[in-house]
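Heads up: the structure comes next, in structure tokens.
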Amino acid sequence: MIVALLCCYPALLVAALWPAPVAFGLVAVVSYPLEYLAPRRARWFTCALARVHLGVTLRFVAREVAALLLVARTAGPDSPWFVALAAGLFGVHGMRAVQAGLALRLRHTLSRMPITTRNLDVSELRIPKMPPAFLGGQQSARFLCLDALPVLGSAFGVAAGALGAGLALLIGAAASVALVPYVRRAAPLTDKDRVMDVIGRQVSAYRPEVILYFSGTPSSAYQARMWLPTLERIGRRAVVVLRERGMAAHLEGTRLPMLCIPSSGDLMSFQPLSSAKLCLYVANTGKNVHMLRIPTLRSAFVNHGDSDKEASFNPFSRVYDEVWVAGPAGRDRYRRAKVGVRDENVHEVGRPQLEGISTYGPGLPYRTVLYAPTWEGWNDDLFHTSLITMGPRIVRALLDHDPPLRVIYKPHPLTGDRDKAATRAHKKIVAMIEAAELAKSKARHPSSTTDGSQIRHLIVTGREPHLYECFNQCDLLISDISSVVADFLASEKPYAVTNVAGLPERAFHERYPSTEAGVLLGKDLAGLADFLDGEDTLALARVKLRSYLFGPEYPDGLTRFDAAVERVFSGS
């Protein structure tokens, strides 16, 4: 596709100089959809073109120059229509610059708001809705495509080209005029004091008592998202405080009020939050320090998963007043690690998110295996993923298993962030599963349940279905050292854990207690056959380990978590 796109421009030049208006028109018609599709199919190549000064704007200008050459060759440069066409093309680019400037001004104005909100009534600010995407994009090629009118018109004659330029100019002017009201309505939002006052009054009226604080990238939004349903159900009023603009869009589906306060100074001086007594932290990030400096807030680190990973006993945790873990296993991790977290500051609060996990399988005529590898970690010490070294072989063994198995593949949201080898392995697995699906669609006996043709594998790379829904859809789990293993124990179903580091079995279980009731998979996939086909002898061990990881079954996790919140307010 990229080759076809690049070939269009010399072909346009040749057709213009020939001159061959029909050929010019045909090539031009083909070139526009290629300009739309190429960046979506090969974004890396189009970025490379921009770096060598062959970006999208220059390519559109080259097409327009070819149209001018065609008109010059057919009608002559002295024709008044030729002059009108040239002036019109210049005008179209000028009008596009006006539109892009207005769109940029609107986005800049909105980005200067000191606080943005969700689920709070800030109608007093009269925040304008964003204009339609085709009006508000200052970097897209949509308005460049207006030159299709004069370029294609030139293939029918100089007059048609000039009239097309005039029509394109009118459309561009109309779009720019349509943006003006949006820009004018947004102008008052640059009044910082007024914005802070209006939002402050709404927050004060809500009187938040518990804060969920989060800072991170969109791909890490799941870390905060998992706590939202729990905070909706506790007995205290909770509010979510974010630091990155646009993050609220990744935390949809909650009724909790949200505040995005990018400036550390604005955050620490925002008095309406002073009614809160407890701040919960789900990840260790640099911007946590801004909230930690507020002396009236008691801080508690709740993490975004309870696992044997080093993140679950990070030395940074000692900066918090309290560390909340699910059960005795979490307390023991900090004891063993000796990272400076005092035992009396560790509190076992349960894992309320796990209430919806079923202890029953999906009840299908075939078994389902969930493969949920973790990501590469921030450094080699945190490298627990099986995806690179074992992933494709694991999935191939599952796809080739007899009797047929259903495979659910759910990689970690951060897969490939540090090591592109993980991305390549992920793509290989996806291709394998898609190929297996294609082969089944061509099966001779689609009604059969014994040949596996009714089995539909599932690749989960988005938010849905949720990890816990995948737990309920599977009979067996294969995963790495991560909170996935710990959470899956709530189902009491069989699971296997990959031994990426190649540790001796005893040392592995001692280092990672959550694996003690699971099957260990070596790099050569030793243990996989017994896991899939052997007798389940670890059922009682899983029940015992579940209590160790999450604490007693009664009272339930939400009750225990709510009690921990109330303890802070009672001062005990």
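Where a number appears in this text, it was derived from the coordinates with a stated rule and is not lab data. Remember, it's a predicted structure, so these values are computed and weren't measured experimentally. In this analysis, Cβ positions are derived from the backbone assuming ideal geometry, glycine residues included, and neighbour counts consider all displayed protein chains.
Computed quantities for the displayed model
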| item | result |
| --- | --- |
| DSSP beta bridges in the chain [antiparallel fraction, %, rounded to 5] | 10 percent |
| Computed label-point distance, nm, for sites C7 and I171 using a 7 Å Cα→Cβ extension | 2.8 nm |
| Cα→Cβ-extended label distance, 7 Å offset, between A421 and R511, nm | 1.8 nm |
| Range of Cα positions in segment 207-350 per principal axis (Å), largest first | 39, 30, 29 |
| Theoretical FRET efficiency, 1/(1+(r/R0)^6), r = Cβ-Cβ of F316 and T57, R0 51 Å, to 0.05 | 0.65 |
| Tail weight of P(r) past 21 Å, computed on alpha-carbon pairs of segment 414-548, percent | 54 percent |
| Gain upon complete extension [T537, A439; 0.36 nm per residue less C-alpha separation] | 31.7 nm |
| Trypsin sites (Lys or Arg not before Pro) within segment 321-366: DSSP coil, no more than 15 neighbouring Cβ in 10 Å | K338, R342 |
| Extension gain, A249 back to S219 (0.36 nm per residue minus Cα-Cα distance, nm) | 9.6 nm |
| Loop-resident sites, segment 467-540, for GluC sites (Glu not before Pro), counting at most 14 other Cβ within 10 Å (DSSP) | E535 |
| Ratio of Rg to Rh over the chain (Cα coordinates, Kirkwood Rh, two decimals) | 1.07 |
| Interchain or long-range residues, amide H under 5 Å from L458's placed H | V407, I408, Y409 |
| Expected 222 nm ellipticity per residue - DSSP helices of 4 or more, -39500 (n - 2.57), all of the chain, to 500 | -14500 deg cm²/dmol |
| Cα-projected label distance for R142 with R335, points at 7 Å along beta-carbon direction, nm | 6.1 nm |
| Cα-based helix-to-principal-axis angle, 21-41 vs the chain, degrees rounded to 10 | 20 degrees |
| Anchor K428: aspartates and glutamates whose Cα lies under 12 Å away (excluding residues fewer than 8 positions away in-chain) | none |
| Nearest-0.05 FRET efficiency for R201 and M130, computed from C-beta distance (R0 22 Å) | 0.30 |
| Gain in span if fully extended, D524 to Y36, counting 0.36 nm per residue against the direct Cα distance | 171.1 nm |
| Sparse-neighbour loop sites [trypsin sites (Lys or Arg not before Pro); segment 241-279; at most 15 other C-beta within 10 Å; DSSP] | R245, R255 |
| P(r) of segment 110-259 over all Cα-Cα pairs, binned every 10 Å from zero, in whole percent | 9, 27, 25, 16, 12, 8, 2, 0 |
| Candidate lysines for bridging to K129, where Cα separation is under 20 Å - those fewer than 8 sequence places away on the same chain excluded | K192 |
| Helix 539-550 vs. the chain, principal-axis angle (Cα, 0 to 90°, nearest 10) | 80 degrees |
| Per-selection Kirkwood Rh - segment 284-416 (Cα, Å, 1 d.p.) | 17.8 Å |
| Rounded tilt (10° steps) of 192-206 against the dominant C-alpha axis of the chain | 40 degrees |
| Förster radius 60 Å - calculated FRET efficiency between V22 and R236 (Cβ-Cβ, nearest 0.05) | 0.25 |
